[in-house]
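S.K.: To start, I am sharing the structure in question, which I have written as structure tokens.
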Amino acid sequence: MSRTIHINLLNDSERKGSNPVRFRIIIPTLFTLTLIVLVFSFLAIKLTVRHRLKTVAELENKSESLLEGNKKFEETTARKAQIETELKQLKSYLAARKLFSSCLAHLPEIVPENIQFTSMEIPPPIRNIVVTKRRRRSVAPKEIEEGVTLRIGGVVVSTNTADSSDASLSVETLRRALKTDVFTNFVKQAEIHRGSFRLLPSKDTALHAEKSERQFIFEINCTCTGRMFK
């Protein structure tokens, strides 16, 4: 009769699991792999962060340069607008200038012999105001009119010691002559204001004046054609 022989080839430590790979080998291997993965992940994150920081720094530098360039562009644009405004204003003044030298060249023809000019002044123009039905307002910037005036001061010699009729007549003749056709394009109105014709004090009388003569000072105020800015 045959017998079956059973041989036990397992140790007691091998009875705890059926896996031929032992846990004492698996655990260190898994720990090593995990550590390697963590190290590579940390390096990858570090490189990514460094790259991002470098990119942010480059973007900040570009942003600063763009802001500086934008600031210079805005300054240049503002300067250009200012220059264009100044050029437009100069062109407006050039178009509105009054050429009255040809008119004033005729003054020696109308000045009586006993009159001598001491001053001729054109004060700064006065901007005219337009009165509308609704309210009083300035003229629109696109169409501005400035009033021009002329002041002529002088001395007139009178040979009449009794009164000043001959001196006042000479000044009146000069005033009327300023309203003739020769000065029409320049002088609109000429007036002698009250108190502007008076006797010159003796201490201011010229040394060459004779005792039989008296000197009077006068001032003629002329309203001239205005300057129009369009």
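S.K.: Only one of 191, 219, 210, 172 is at pLDDT below 85 and assigned by TED's automatic domain parsing to the domain that holds residue 116. Can you tell me which?
M.R.: Criteria check complete, one pass: 210.
S.K.: Go through the residues of segment 159-169 one by one and say whether even a single one is modelled with pLDDT of 80 or more, surrounded by 15 or more Cβ atoms within 10 Å (Cβ to Cβ) and of a type in the set (A, V, I, L, M).
M.R.: Yes, some residue in segment 159-169 is modelled with pLDDT of 80 or more, surrounded by 15 or more Cβ atoms within 10 Å (Cβ to Cβ) and of a type in the set (A, V, I, L, M).
S.K.: Report those strands (runs of 3 or more DSSP E) wholly inside segment 106-146 carrying at least 1 residues which are among the aliphatic types (A, V, I, L, M) and at pLDDT below 70.
M.R.: Qualifying strands (runs of 3 or more DSSP E): 129-131.
S.K.: Conditions first: (1) surrounded by fewer than 11 Cβ atoms within 10 Å (Cβ to Cβ); (2) at pLDDT 75 or above; (3) within 16 Å of residue 114 (Cβ to Cβ). Residue 181 passes all but one, so which condition is the exception?
M.R.: Looking at each condition in turn, residue 181 falls short on (3).
S.K.: Checking residue 202 against (1) within 24 Å of residue 150 (Cα to Cα); (2) among the small types (Gly, Ala, Ser); (3) at pLDDT below 85: exactly one of these is not met. Which one?
M.R.: (1)
The values are calculated or read from the model by the stated rules, or taken from the named source; none is laboratory data. Keep in mind it's a predicted model, so treat the numbers as computed, not measured. As a convention, Cβ positions derive from the backbone with ideal geometry for all residues, glycine included, and neighbour counts pool all protein chains shown.
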